[in-house]
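The values are calculated or read from the model by the stated rules, or taken from the named source; none is laboratory data. Predicted model only: the values in this text are computed from it and were never measured. Neighbour counts run over all protein chains shown; Cβ positions are idealised from the backbone, glycine included. SASA here: full protein model, heavy atoms, side chains in, ligands and nucleic acids out. Shrake-Rupley method; radii C 1.70, N 1.55, O 1.52, S 1.80 Å.
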Amino acid sequence: MERSFQAEVRSLSLGKGEVFRGEGILAVTKALLQSGVSYIGGYQGAPVSHLIDVLGDARDMLDELGIYFENSASEAGAAAMLGASINHPVRGAVTWKSTVGTNVASDALSNLASAGVIGGAVVVLGEDYGEGSSIIQERTHAFAMKSQMWLLDPRPNLTSIVDAVEQSFELSEATNTPVMLQLRIRACHVHGEFICKDNRAPAISRKHLIEDAKFDYGKICLPPSTYAHEKQKIEQRWPAALSFIREHRLNETFEGSSTQSVGVILQGGLYNGVLRALQQLGLADAFGDSRLPLQVLNVVYPLVPDEIVAFCKGKTDVLIVEEGQPNYIEDAIESILRKNNVLARVFGKSVLPMAGEYTGEVLLRGITRFLETTKPEGVDLQHATDVSSDLTGLKNTAADLLDGAVPNRPPGFCVGCPERPVFSAVKLVQRKLGQIHVSADIGCHTFGTLPPFNIGSTVLGYGLGLASSSGIAPLMNSRVVSIMGDGGFWHNGFTSGVINAIHNKHDSVLLIMKNGYTSATGTQNIPSSIKTGETAPLPLDISRALRSVGVDWVKTVTSYKVSQMADALTDAMTTGKPGLKVIIADGECQLERQRRIKPVNAKRLKQGKRVVRTRFGIDDDVCTGDHSCIRLSGCPSLTIKPNPSALRTDPVATVNQNCVGCGLCGEVSHAAVLCPSFYKVDVIQNPTLGERMLARIRAFVIDRLAGSRSLSRAV
Amino acid sequence: MIKPITILVAALGGEGGGVLADWLIGAADAHDFPVQSTSIPGVAQRTGATTYYIEIYPVPRSELGGRKPVFSLTPNPGDIDVAVASELVEAARIVQGGFSHPRRTAMIGSTHREYAVSEKMAMADGRYQPQKALDALRAMARSCVLFDMREVAWRNGTVINTVMFGAMAGTGVLPVSRASCEAAIRASGKAVDASLKGFAAGYSMAKERQLSLADGPGAGILPAALHDVIRAGAELTTDYQDERYAQEYRTIVESLRHLELDAGGGPAECPVTREAARFLALWMSYEDVIRVADLKTRSTRLERIRKEVSAGSEDVIKLTEFLKPGLDEMLSVLPPKLAYWVARRKVLTHKSLNAGLYIRTDTVSGFMVLCALRSLRRLRRHTSRFRNEHDLIVRWLDAIRRLLATRNLSQAAYELALSGNLVKGYGQTHARGRKNLQAILADIDGQNLNLTDGLAARIKLAGRLAERIKLAREAALADPEGHELAQALGLPAPEPAFKPIKFVRNKRAA
């Protein structure tokens, strides 16, 4: 685990009336406990990893309440868990990273939505759309519509979010329908406060077990039950949802203080952004009093037609603020208004961009355009336009001053990452064998596609590296390489990739990055993690799993041994043996390793015990500034600095203070026959007496042998 | 109407931006001010650029009568009161995003650079010009407090976020007191003393900067004047070989200078000579095993390394050198004829014979190996490598001279002088550089320089030639495989070092 969450666990036990202060996703976790859930599951991924991490550390509290929690094998597994609520009145919640997670979970979700639930079933989705997102840009909305699941998108403050969690369970139970709650990435990470309630122990729990199993053919996804489900969705569940949303006022209307001729209908999650844009334009105050009427959709699916009609009646124009495409909400509202003969014109994607995140700047521009076009009474249009053009013009002024964009800084491998050397090896092998087709996968290793490596031609999904090679491999005149992380291997890569390759007799090469955790999502444990804890007490072994399904060619190579890795790869690429050849690149995630080692070493140092610290360095005067080492390694701690020489103009390579001494620099300079400027230093703190004596003798002799020349650098 | 105070923190993964945001929240809480923070961590924390955004409403909750301010989750254009960046380009990125307003924003940033991968991997100098960023910061912010915070952090044994926090407080733009900032640091409970020290240092630096306004960092390196270059060149060649070698260097440079002065028209600065002198000295001091051994056995080196890895006086250090001399390196110290004879034996050159050596230079035996290699210096003039390098140096200098001697071609000569930078490095890198320069020299040889046509035609040719050499040089540095160079010179694309592999077809496919 990336860190310990003991402090967060404490805030989960706050009682009624106490103030919770912390992150959005942690507030959701607390809200689940306040809602009386019986079971929780999920698969990690930003921005909801935190929910799983914290619950993993909150075992004692969960046990006390009788709540079952598991870190599911995949999103599909998590979604299937909700099956508990089909026949029994138990509340359950699962979580994952949206779109990518929902795709994996979709089979179980469709079946769950068809059968319906009697206990509240809620999916907490981290909607990762826009700036900083690491996934494909799609909306969850489409999934909610096609499977008939209700979708909540609450205002992004902790009180609203916590309320939405509790309302989701109630809505789910009132309508026999699973509910999805989407939170944008910033809302998950928002730090705020809300007033707590007591945690609720569920009626059915690990402490109060279900006595009788139930059977009801009506809940089974086979005809004719499925036909009945489809009708229930429309005839019972939908109307029930509309009346629940209406009666419990899940959506909010804010009257405008200056004008009633226009209004804004917006997704709840965008409320704060819209309000800030209005503030900037002088149309709202710091506390949310808006001069334009606002209709906030905390439930974005289904829409309640009479609420929309009531809001739009008497207005000439309404603006729909809906992030992402297609514009489902805008089209639906247009349709509702026309069917009900409401004349208000609908603006949406006509003044706001069709695609992309609705950042502050986008909203500012869009709202200004809406006002300019509709010229509502009671709004100082001139002021708004002036402000808007002043603020949005800053970017252009800055661009002129900066004269070209500043260098980009995409994420990359951490200092000492064990996956980087593997890509160095692939790069070296490509020098000999020419360009290789590499089917890449999801994980930290996806960064291998970035400079300086640019390795990986396709990325199709988590654990799908090998599976995605099965079309291209038979069509290529040389073998292809696939990449998979150990997280992806257990998630689905073992079945969809390895077993499929054996079954269909593929002849290709698979590189498994075994770093011990799902590192990209915050180093959660997986079945093969060495540490015991929340998962299996006995770690599963990847190479044994491979051999058990008939992979004969398996080599395990230490990740940092670049030459050995290059040899193994060359061997795999050129051997006469048919079939799948697997290389396991074995090296623990450095982030996690450093976290493990640092406190141990600090303690030893304090006790006066011997500690060896390794670092790499570069001789400035030997380095000639070609930077081949950087192009082959890409370590963040391997960087450049101005050349101390008066003659040389190119910056020299240098190893900065962050070096953890993984040894890759040396390995690469050997494997690639680079320059002799690298040196390794083992600093022995608290050395033994013998070591100290020997060092003194050596220093004495070396001092006499050493050259006395020294090049003055001051010119 | 009181507006929230908006604070945008730009940092890199691992610099503690999140902790800084937590401190700000803690300080605001101490004043009972409503506060909110958001961030975009996720993958960005893995070394990428990341931002944290904090809003503080500077009125105690108790005075708000239960009303809650609506905070934004994203920074809006021109809506930032305090922008703080842990690095120069990150500060510029805030400006680039349109967040900084010249009438509103206080910009607090570190002037040091953490280079992006695109800057680091360039084959020569791919660094972003810091001056552009500094000018933009000053133009786009109400006030600027800029200094090297990384250095201050190192000096105080802390992480940069403490210095950033201190600088924000010291600038007086935060709505919270110094005492509440320090209390927030104490409450976080980790490395408290070091953090407080960093905070105090940042605080006083910011105060000082505000008074002096002299916040210029080490601006771009000025091009050294001719005599500085020659002096450094002579010093380097003496250090590399001996006084006589330096004398030879001076003679060559002197002859070039006369030629350039004779060519007239050029500024008194003699740019062609200056650049030729620069790269000539470096080339004459090419890095062979003797040189490497020499540099690695200097008495000053051990001290330097101890300092660099911050080893305490009581600590023992082990020092391992990574040397991988190949056949070429070994041959290069043989006399030319012998080297040629060996190189022709196919058996030896068939396979790369690079032997990875790990030499422990903290041991007497390891150190002595290098001392032995160092002692070959006196024989250097008789080695095959010396002959090879000087042959090409002569060709290069001749071409420069020829261009200088031809009317209107001094710009081309200048570009060719700069092309001396192509030959550098070791092993394959060096071989590649040589090949690239040879291609450029061959290209110049192929040009008809002695046009008898009119002046206009000659000037046109001159411009074209200079441009051609410049493009070729840049192309040579743009990609390691030499495709771009070939394209620039209109040559066929280089053969890839491609070995066909024996591919065993899928049985079913066959």
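I need a count of the residues in region B:140-153 that are open to solvent by 50 Å² or more (accessible area, probe 1.4 Å) and either facing another protein chain (nearest Cβ under 7 Å) or not in a helix (DSSP H, G or I) (or both). Total meeting the criteria: 2.
Just so you know, in region B:307-334 the residues that are more than 21 Å from A:Val611 (Cα to Cα) and part of a loop (DSSP other than H, G, I, E, B) include one that is farthest from the other protein chains (Cβ to nearest Cβ), and it is B:Leu334.
Checked against (1) assigned to a helix (DSSP H, G or I); (2) free of Cβ contacts under 8 Å to residues at least 12 places away in the same chain, A:Glu230 passes all but a single condition, namely (2).
Scanning region A:375-397 for residues that are in contact (Cβ under 8 Å) with a residue 12 or more places away in the chain, buried (at least 20 other Cβ atoms within 10 Å of the Cβ) and part of a helix (DSSP H, G or I) turns up A:Ala384, A:Ser388, A:Leu391. Filter region A:469-499 for residues that are in contact (Cβ under 8 Å) with a residue 60 or more places away in the chain and of a type outside the set (Gly, Ala, Ser) and give the result. Result: A:Arg479, A:Val481, A:Trp490, A:His491, A:Asn492, A:Val498.
Annotation: of all residues in region A:171-189 being buried (at least 24 other Cβ atoms within 10 Å of the Cβ) and polar (S, T, N, Q), the one that is nearest to the chain's Cα centre (by Cα) is A:Gln182. From the list B:Ile393, B:Ile440, the one residue that fits, being open to solvent by less than 10 Å² (accessible area, probe 1.4 Å) and farther than 20 Å from B:Val253 by Cβ, is B:Ile440. Within region A:95-112, if we keep just the residues that are surrounded by 24 or more Cβ atoms within 10 Å (Cβ to Cβ) and either basic (Lys, Arg) or more than 23 Å from the chain's Cα centre (by Cα) (or both), the residue that is nearest to A:Leu82 (Cα to Cα) turns out to be A:Leu112.
Contact annotation: residue pairs with Cβ atoms under 6 Å, 6 or more positions apart or on different chains, pairing a residue in region B:415-443 that is more than 22 Å from A:Leu674 (Cβ to Cβ) with a partner that is among the basic types (Lys, Arg), are B:Glu415/B:Lys470; B:Ser419/B:Arg473; B:Leu441/B:Arg395. For region A:414-443, filtering for residues that are under 16 Å from A:Ser633 (Cβ atoms) and more than 7 Å from every other protein chain (Cβ to nearest Cβ) leaves 16. Within region B:233-256, is there a residue that is at pLDDT below 90 and at the interface with another protein chain (Cβ under 9 Å from one of its Cβ atoms)? Looking for residues that are at pLDDT below 90 and at the interface with another protein chain (Cβ under 9 Å from one of its Cβ atoms), one finds none in region B:233-256, hence no.
Listed here are the residues, each with its yes/no results for (1) open to solvent by less than 10 Å² (accessible area, probe 1.4 Å); (2) closer than 23 Å to A:Phe453 by Cβ; (3) not assigned by TED's automatic domain parsing to the domain that holds A:Val681.
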| residue | (1), (2), (3) |
| --- | --- |
| A:Thr574 | no, yes, yes |
| A:Pro578 | no, no, yes |
| A:Lys581 | yes, yes, yes |
| A:Asp620 | no, no, no |
| A:Asp626 | no, yes, no |
| A:Ile630 | yes, yes, no |
| A:Pro636 | no, yes, no |
| A:Ile640 | yes, yes, no |
| A:Asn643 | no, no, no |
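None of A:Ala277, A:Ala286 is outside the structural domain of A:His189 (by TED's automatic domain parsing), open to solvent by less than 10 Å² (accessible area, probe 1.4 Å) and in contact (Cβ under 8 Å) with a residue 60 or more places away in the chain except A:Ala277.
Listed by position, the helices (runs of 4 or more DSSP H) contained in region A:123-200 that have at least 3 residues being away from chain B (no Cβ under 14 Å) are A:141-147, A:158-175.
Regarding region A:528-545, can at least one residue be identified that is in contact with a Gly (Cβ under 8 Å, 6 or more places away or on another chain) and either in the same structural domain as A:Pro651 (by TED's automatic domain parsing) or assigned to a strand (DSSP E or B) (or both)? No, region A:528-545 contains no residue that is in contact with a Gly (Cβ under 8 Å, 6 or more places away or on another chain) and either in the same structural domain as A:Pro651 (by TED's automatic domain parsing) or assigned to a strand (DSSP E or B) (or both). The number of residues in region A:646-698 being open to solvent by 30 Å² or more (accessible area, probe 1.4 Å) and part of a strand (DSSP E or B) comes to 2.
Within region A:617-635, count every residue that is of a type outside the set (D, E, K, R), outside any loop (DSSP other than H, G, I, E, B) and facing chain B (nearest Cβ under 9 Å). Here the count works out to 3. Just one of (1) without any contact (Cβ under 8 Å) to a residue 40 or more places away in the chain; (2) facing another protein chain (nearest Cβ under 7 Å) fails for B:Arg304. It is (2). Across region A:670-679, not a single residue is classified as more than 9 Å from every other protein chain (Cβ to nearest Cβ) and touching a residue at least 60 places away in the same chain (Cβ under 8 Å). Scanning region A:505-515 for residues that are of a type in the set (S, T, N, Q) and either part of a loop (DSSP other than H, G, I, E, B) or away from every other protein chain (no Cβ under 14 Å) (or both) turns up at least one hit. Residue count for region A:289-303 satisfying the condition of being open to solvent by less than 10 Å² (accessible area, probe 1.4 Å) and assigned to a loop (DSSP other than H, G, I, E, B): 3.
Does A:Gln325 satisfy being away from chain B (no Cβ under 14 Å), surrounded by fewer than 21 Cβ atoms within 10 Å (Cβ to Cβ) and closer than 23 Å to A:Thr159 by Cα? Spelling it out, it is not the case that A:Gln325 is away from chain B (no Cβ under 14 Å), surrounded by fewer than 21 Cβ atoms within 10 Å (Cβ to Cβ) and closer than 23 Å to A:Thr159 by Cα.
Residues of region A:253-294 that are more than 12 Å from chain B (Cβ to nearest Cβ) and under 30 Å from the mean Cα position of the chain (by Cα): A:Ile265, A:Leu266, A:Gln267, A:Gly268.
Can we say A:Asn504 is closer than 25 Å to A:Tyr43 by Cα, open to solvent by 40 Å² or more (accessible area, probe 1.4 Å), over 25 Å from the mean Cα position of the chain (by Cα) and in contact (Cβ under 8 Å) with a residue 24 or more places away in the chain? Answer is no for this residue.
In the set (1) away from chain A (no Cβ under 11 Å); (2) touching a residue at least 60 places away in the same chain (Cβ under 8 Å); (3) more than 27 Å from B:Gly366 (Cβ to Cβ), B:Trp283 fails one condition alone, (1). Assess whether A:Leu591 counts as being open to solvent by 10 Å² or more (accessible area, probe 1.4 Å) and touching a residue at least 12 places away in the same chain (Cβ under 8 Å). Yes. How many residues are facing another protein chain (nearest Cβ under 7 Å) and farther than 30 Å from B:Leu226 by Cα when one looks only at region A:644-656? Qualifying residue count for the region: 0. Among residues of region A:469-494 being open to solvent by less than 30 Å² (accessible area, probe 1.4 Å) and of a type in the set (Gly, Ala, Ser), the one that is farthest from the other protein chains (Cβ to nearest Cβ) is A:Gly493.
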